[in-house]
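The values are calculated or read from the model by the stated rules, or taken from the named source; none is laboratory data. Treat the numbers as computed from the prediction; the structure is a model and nothing was measured. Ideal geometry is used to build each Cβ from the backbone, glycine not excepted, and the neighbour counts take in all protein chains shown.
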Amino acid sequence: MMEEQHFLKRIFNVENFKEDDLNTILSQYRRVELGKNDYFIEEGTTAGYYYFIESGFARSYIIDLEGKDITTKFFSSTDIVIDWHSYFFKTKCREQFQAITACVAWKITFANFMKLFSIEAFREVGRSRLINNYFELKNHSVSIIADPAKDRYLHLLKSKPDIMQNVPLKQIATYLGITDTSLSRIRKEIAENK
């Protein structure tokens with residue numbers, strides 16, 4: 001319980017919660033362990049949980065019309081692994097959400113999540129995370145269209161250095177919208193200019 005409280009208290013920034021509210025929130029989450037390549041959420045299923053990652057790395061991906069595996073997002077410690085649309089609207093997932101490494105996460109059901117919405121500070125944390133996720137997705141979409149590949153790579157390197165050190169380069173390349181060869185060339189160019 002102490003480990004649970006330590007991680008989740010960091011997530012929920014305990015100063016923002018009354019003690020009773022925080023205890024109610026913590027009691028709704030369950031610790032889960034996923035092995036490398038295990039799925040948090042599979043394509044074609046309805047998301048029944050969302051997860052806070054305590055440790056490890058995960059990604060969401062989709063298979064494009066040519067059968068290629070394209071990474072759409074990376075997740076690491078304190079990130080929420082969720083298909084927002086499936087979780088809230090009970091639709092089928094179009095993406096896969098998979099552990100890249102072994103992961104420890106904390107999951108909550110939709111029913112338990114909705115029970116917590118009576119807690120104002122919990123609603124605020126959820127709203128803030130949803131907005132941040134939206135802007136991250138929007139910025140990535142615009143960047144794929146408007147920024148040179150090298151700039152996209154440098155931004156990822158700066159914003160998520162842990163991802164860069166723990167994720168296969170092929171997945172990073174697809175996330176950046178480039179080929180493995182282009183990513184290798186960019187990395188070599190940067191290394192030579194240091």
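Looking only at residues in region 158-179 that are part of a loop (DSSP other than H, G, I, E, B) and in contact with a strand residue (DSSP E or B) (Cβ under 8 Å, 6 or more places away or on another chain), the one that is nearest to Ser60 (Cα to Cα) is Val167. Within region 30-73, which residues are farther than 18 Å from Leu130 by Cβ, within 10 Å of the chain's Cα centre (by Cα) and not in a loop (DSSP other than H, G, I, E, B)? Within region 30-73, Ala58, Arg59 qualify. Checking Glu95, Glu120, Glu136, Glu124 one by one, the residue that is surrounded by 14 or more Cβ atoms within 10 Å (Cβ to Cβ) and of a type in the set (Asp, Glu) is Glu95 and no other.
May I ask you to say which residue of Ser182, Ser143, Ser128 is among the hydroxyl-bearing types (Ser, Thr, Tyr), under 16 Å from the mean Cα position of the chain (by Cα) and in a helix (DSSP H, G or I)? Break it down stepwise before answering.
Numbers: Ser182 fails: under 16 Å from the mean Cα position of the chain (by Cα); Ser143 fails: under 16 Å from the mean Cα position of the chain (by Cα).
Going through Ser182, Ser143, Ser128 in turn, the sole match is Ser128.
Cβ-Cβ distances below 7 Å connect no pair with a first residue in region 117-129 that is under 17 Å from Glu15 (Cβ atoms) and in contact (Cβ under 8 Å) with a residue 40 or more places away in the chain, a second residue that is outside any helix (DSSP H, G or I) and of a type in the set (Ser, Thr, Tyr), and a separation of six or more residues or different chains. When region 155-176 is limited to residues that are at pLDDT below 95 and closer than 14 Å to Asn139 by Cβ, the one that is surrounded by the fewest Cβ atoms within 10 Å (Cβ to Cβ) turns out to be Lys158. Got at least one residue in region 36-52 being in contact with a strand residue (DSSP E or B) (Cβ under 8 Å, 6 or more places away or on another chain), of a type in the set (A, V, I, L, M, F, W, C), in contact (Cβ under 8 Å) with a residue 12 or more places away in the chain and surrounded by fewer than 16 Cβ atoms within 10 Å (Cβ to Cβ)? There is no residue in region 36-52 that is in contact with a strand residue (DSSP E or B) (Cβ under 8 Å, 6 or more places away or on another chain), of a type in the set (A, V, I, L, M, F, W, C), in contact (Cβ under 8 Å) with a residue 12 or more places away in the chain and surrounded by fewer than 16 Cβ atoms within 10 Å (Cβ to Cβ).
Let me confirm something: among Ala105, Ala111, which residue is within 16 Å of Leu8 (Cβ to Cβ) and either exposed (fewer than 14 other Cβ atoms within 10 Å of the Cβ) or of a type in the set (A, V, I, L, M, F, W, C) (or both)?
Working: Ala111 fails: within 16 Å of Leu8 (Cβ to Cβ).
Exactly one residue qualifies, and that residue is Ala105.
Here the condition is being crowded, with 19+ Cβ neighbours inside 10 Å and at pLDDT 95 or above; of Phe74, Phe7, Phe17, it holds for Phe74 alone. Taking each residue of region 131-148 that is touching a residue at least 60 places away in the same chain (Cβ under 8 Å) and more than 18 Å from Val81 (Cβ to Cβ) and looking for partners that are of a type in the set (Asp, Glu) and in a helix (DSSP H, G or I) with beta-carbon atoms closer than 8 Å, six or more apart or interchain, yields nothing. Selection of first residues in region 6-29 that are assigned to a loop (DSSP other than H, G, I, E, B) and of second residues that are among the aliphatic types (A, V, I, L, M), restricted to Cβ pairs under 7 Å at least 6 apart or on distinct chains, gives the following pairs, ordered by first then second residue: Phe17/Ala121; Gln28/Ile108; Gln28/Leu116; Tyr29/Leu8; Tyr29/Ile108.
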